[in-house]
Amino acid sequence: MALAWAGAIPAHQAWAADPVLIQGPQAAITAEDMRADSLRMPEEMRPNVLRRPQTVQQIGSNLYVRRVMADKAQALKLDQDADVQAALRIARDKVLSDAYLLHLDRSNAVSDEAALAQARAMYQAKPERFKVEEQVRVRHILIEGKDEKAQAKAQEVLKALRSGADFAELAKKDSIDKGTADKGGDLGFFARGRMVPEFESAAFALKKAGDLSDIVPTQFGLHILQLQDRRPAGVQPFEEVKGTLMQEVRAKVAQDARVAEAQAISAQAQPQAAAIEAFANGYK
């Protein structure tokens with residue numbers, strides 16, 4: 001009975017005013033449907049998925065097939081089957097409990113001021129957590145192969161760089177490391193132990209910003225490195241870790257509230273031992 005409302009008005013009629021993305025003779029899929037379906041994805045993934053028209057069309061088409069099948073099942077009164085009713089109750093519980101958890105998160109949201117204060121306290125309480133080793137920031141150009149042709153190409157690039165050519169432009173033009181080429185070859189800061197030994201040795205041997213390495217062979221090909229910056233070993237400044245710590249504060253407050261609510265609800269439940277035993281015995 002609790003689910004009787006669900007079948008009263010087909011979902012594609014309830015949201016008729018919403019922009020229609022997929023239209024068929026028996027149903028329609030709206031933008032609201034698409035947004036609702038996207039809630040199953042991690043929040044950070046949604047923009048990457050939903051900004052691609054081809055992906056939206058594919059997902060919408062799948063939703064359309066599901067909706068038409070669901071309407072056909074309802075027309076055949078399959079929704080009145082006991083097992084289906086139980087599955088619908090579980091699906092309802094999932095959707096609404098997730099909505100309730102989001103409500104809890106909002107109700108327990110921490111202000112920026114409180115989050116900042118707690119983040120600063122965490123930073124001060126365990127400074128050893130934020131210790132960092134010496135780091136260098138380099139950019140590189142990677143030439144494919146190690147044969148004579150590759151050596152000649154690398155020498156040509158290195159000569160151009162030593163004559164004043166723009167490193168970032170040559171990285172975009174000649175580097176086969178496409179993950180960094182568009183960023184001018186920039187690898188960001190890294191400490192020892194992150195790169196293959198030959199590369200690491202060459203990187204940490206550079207002394208001043210702008211210094212160029214010789215050609216460095218590794219298992220990936222031939223590299224030319226340029227030092228951009230160095231950081232001595234020490235403790236990361238609070239400003240660098242502030243954002244991460246504030247996120248941790250908010251996540252912990254939300255998680256603590258969720259756990260407390262779940263425990264309070266669970267404490268009211270009375271397990272029926274005999275019924276549980278009988279149910280389990282049915283699967284032996």
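The values are calculated or read from the model by the stated rules, or taken from the named source; none is laboratory data. Just so it is clear, the model here is predicted, and its values are computed rather than measured. Note that we place each Cβ from the backbone using ideal geometry, even for glycine, and neighbour counts take in every protein chain shown.
Close contacts from the stretch 246-262, counting a first residue that is under 16 Å from LEU102 (Cβ atoms) and a second that is outside any helix (DSSP H, G or I), with Cβ to Cβ under 7 Å and a gap of 6+ residues or different chains, come to ARG250/VAL110; VAL253/ASN108; VAL253/VAL110; ALA254/ASN108; ALA257/ASN108. Scanning the stretch 77-130 for residues that are over 26 Å from ARG35 (Cα atoms), among the hydroxyl-bearing types (Ser, Thr, Tyr) and in contact with a helix residue (DSSP H, G or I) (Cβ under 8 Å, 6 or more places away or on another chain) gives a single hit, TYR123. Among the residues of the stretch 161-183, those identified as among the hydrophobic types (A, V, I, L, M, F, W, C) and either in contact with a strand residue (DSSP E or B) (Cβ under 8 Å, 6 or more places away or on another chain) or assigned to a helix (DSSP H, G or I) (or both) are LEU161, PHE167, ALA168, LEU170, ALA171, ILE176, ALA181.
Is there a residue in the stretch 29-36 that is more than 24 Å from the chain's Cα centre (by Cα) and farther than 17 Å from VAL95 by Cβ? Taking every residue of the stretch 29-36 in turn, at least one turns out to be more than 24 Å from the chain's Cα centre (by Cα) and farther than 17 Å from VAL95 by Cβ. Among the criteria (1) under 23 Å from GLN255 (Cβ atoms); (2) modelled with pLDDT of 95 or more; (3) acidic (Asp, Glu); (4) surrounded by fewer than 13 Cβ atoms within 10 Å (Cβ to Cβ), the one ASP105 does not fulfil is (4). Of all residue pairs spaced 6 or more apart or on separate chains, none has beta-carbon atoms under 6 Å together with a first member in the stretch 195-218 that is in contact (Cβ under 8 Å) with a residue 40 or more places away in the chain and a second member that is of a type in the set (Val, Ile, Thr) and in a loop (DSSP other than H, G, I, E, B). Could you go through the stretch 174-191 and let me know if any residue there is touching a residue at least 24 places away in the same chain (Cβ under 8 Å), in contact with a Ser or Thr (Cβ under 8 Å, 6 or more places away or on another chain) and of a type in the set (Asp, Glu). Yes, because at least one residue in the stretch 174-191 is touching a residue at least 24 places away in the same chain (Cβ under 8 Å), in contact with a Ser or Thr (Cβ under 8 Å, 6 or more places away or on another chain) and of a type in the set (Asp, Glu). Considering only the stretch 118-164, state which residues are farther than 30 Å from GLY185 by Cα and surrounded by 13 or more Cβ atoms within 10 Å (Cβ to Cβ). Correct list: GLN118, ALA119, ARG120, MET122, TYR123.
Could you count how many residues in the stretch 84-111 are charged (D, E, K, R) and in contact (Cβ under 8 Å) with a residue 60 or more places away in the chain?
Taking the stretch 84-111 first, the residues charged (D, E, K, R) are 89, 92-94, 98, 105-106.
Next cut, in contact (Cβ under 8 Å) with a residue 60 or more places away in the chain only: 89, 92, 105.
Result for the stretch 84-111: 3.
Checked across the stretch 207-227, the condition of being at pLDDT below 95, among the charged types (D, E, K, R), in contact with a helix residue (DSSP H, G or I) (Cβ under 8 Å, 6 or more places away or on another chain) and not in a helix (DSSP H, G or I) holds for no residue. Among the residues of the stretch 203-212, those that are more than 33 Å from the chain's Cα centre (by Cα) and of a type in the set (A, V, I, L, M) comprise ALA205, LEU206, ALA209, LEU212.
Conditions tested, residue by residue: (1) over 14 Å from ARG139 (Cα atoms); (2) assigned by TED's automatic domain parsing to the domain that holds PHE167.
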{"position": "ARG194", "(1), (2)": "yes, yes"}
{"position": "PRO197", "(1), (2)": "yes, yes"}
{"position": "PHE204", "(1), (2)": "no, yes"}
{"position": "ALA209", "(1), (2)": "no, yes"}
{"position": "LEU212", "(1), (2)": "no, yes"}
{"position": "VAL216", "(1), (2)": "no, yes"}
{"position": "PHE220", "(1), (2)": "yes, yes"}
{"position": "LEU227", "(1), (2)": "no, yes"}
{"position": "GLN247", "(1), (2)": "yes, no"}
